[in-house]
Amino acid sequence: QKYFEEVRINYKEIKVYGTPRRLILFIFHIKEKQEDIFQKIKGPAYSIAYNKDLNPQKPALKFAQSQGVNVEDLIVEDTEKGKYIFASKSIIGQPTIDLLSQIFPKIIKSMQFPKSMHWGEKSLRFIRPIRWILALYEKEIIQFNLNGLDSDNITYGHRLLAPQKIKISSTQEYFKKLEKSYVIVDPQIRENMVKTDIEQIIKEIGGEKIINKKQLKEIIYLVEYPNAILGKFDKKYLELPKDVLIEVMRKHQKYFPVFKNKDELLPLFIVIINNSRKYAS
């Protein structure tokens, strides 16, 4: 938000979305240009700016020139330190798309992660190598270069199910086109999909609905097109301490344990795949 405030770009809302392959910043109802502003700039003291005949002297002339105003338009005001001359001027706002070309590289470079990396011979550090940059203002490409990579109106679908290029002609079609290519951009929708799948499986097998919220939040950022499938393991492993089995499944395997009730595990687990169920083995 600070970058937009610094350049006086008004908008209604900013939303941030994330998947394993993409970070998305979506700005809603952004203004077409900066706010116009009125500035009053303090100049030299009146005593040195004008002579006794009220004619402007060199300090006044230089100040007017530096501010791009006519010397006749300078104004005189009383201050705590005496009389000073001021230049008042209106600054017309620049087009938003031009400013976004400057802002977006700064936003990307400012992002910090617990672990980051270099790649190739480039100096930028990021959580993973950046493969493409989609940047649009309505239907126009926001032009900039980051680390040798040009922004464009091209993105890509799901890595396995729809890896081809996708041209995004306007911001309004972004979500629909990605969904058709098996990418659910909104993590809340992915979470709802996972919960619905798990609840349906548990209902079918007669288990108890126990979903670890922390694990759920982690899982939804590991998948772009989530589907739940049921797996099983040998009953003999139920002889191990329940907490050990739960820890292994949740933390190491990223599986959801299946409970008969809150005190009893079943020899089953639910795994969330980043794929269609028909490709699950």
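The values are calculated or read from the model by the stated rules, or taken from the named source; none is laboratory data. This one's a predicted model, so the numbers in the text were calculated from it and none came from an experiment. Don't worry about glycine lacking a Cβ; one is built from the backbone with ideal geometry, like all the others, and counts go over all protein chains shown.
One line per residue, one yes/no per condition, for (1) outside the structural domain of T155 (by TED's automatic domain parsing); (2) out of contact with any helix residue (DSSP H, G or I) (no Cβ under 6 Å at 6 or more places or on another chain); (3) loosely packed, with under 13 Cβ neighbours inside 10 Å:
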residue: E191; (1), (2), (3): yes, yes, no
residue: V194; (1), (2), (3): yes, yes, no
residue: I198; (1), (2), (3): yes, yes, no
residue: K209; (1), (2), (3): yes, no, yes
residue: K217; (1), (2), (3): yes, yes, yes
residue: Y225; (1), (2), (3): yes, yes, no
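Taking (1) under 16 Å from E208 (Cα atoms); (2) surrounded by fewer than 14 Cβ atoms within 10 Å (Cβ to Cβ) in turn, I246 satisfies each apart from (2).
Residues that are part of a strand (DSSP E or B), within 24 Å of I14 (Cβ to Cβ) and in contact with a helix residue (DSSP H, G or I) (Cβ under 7 Å, 6 or more places away or on another chain): does the range 125-136 have at least one? Taking every residue of the range 125-136 in turn, at least one turns out to be part of a strand (DSSP E or B), within 24 Å of I14 (Cβ to Cβ) and in contact with a helix residue (DSSP H, G or I) (Cβ under 7 Å, 6 or more places away or on another chain). When L146, L178, L134 are checked against the criterion of being of a type in the set (A, V, I, L, M), over 26 Å from I273 (Cα atoms), surrounded by 14 or more Cβ atoms within 10 Å (Cβ to Cβ) and at pLDDT 95 or above, a single residue qualifies: L134. When you check P105 against the structure, is it in a helix (DSSP H, G or I) and touching a Phe, Trp or Tyr at 6+ places or on another chain (Cβ under 9 Å), yes or no? The answer is yes for P105. For the range 150-174, the tally of residues that are surrounded by fewer than 18 Cβ atoms within 10 Å (Cβ to Cβ) and under 23 Å from I219 (Cβ atoms) stands at 5.
Among (1) out of contact with any Lys or Arg (no Cβ under 9 Å at 6 or more places or on another chain); (2) of a type in the set (S, T, N, Q); (3) under 30 Å from S181 (Cβ atoms), where does N261 come up short? Result: N261 fails condition (3) only.
Being under 26 Å from G157 (Cα atoms) and modelled with pLDDT under 95 is the requirement here; does K209 meet it? It is false that K209 is under 26 Å from G157 (Cα atoms) and modelled with pLDDT under 95.
Within the group F26, F63, which residue is out of contact with any Phe, Trp or Tyr (no Cβ under 6 Å at 6 or more places or on another chain) and farther than 30 Å from S170 by Cβ? Spell out how you get there, then give the answer.
Details: F26 fails: farther than 30 Å from S170 by Cβ.
Every option except F63 fails the conditions.
Matching residues to (1) touching a residue at least 12 places away in the same chain (Cβ under 8 Å); (2) farther than 22 Å from S170 by Cα; (3) of a type in the set (A, V, I, L, M):
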residue	(1), (2), (3)
N55	no, yes, no
I85	yes, yes, yes
L99	yes, no, yes
L124	yes, yes, yes
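For beta carbons closer than 8 Å, sequence separation of 6+ or different chains, a first residue in the range 1-20 that is within 14 Å of F104 (Cβ to Cβ) and a second that is loosely packed, with under 11 Cβ neighbours inside 10 Å and modelled with pLDDT under 90, the qualifying pairs are I14/Q1.
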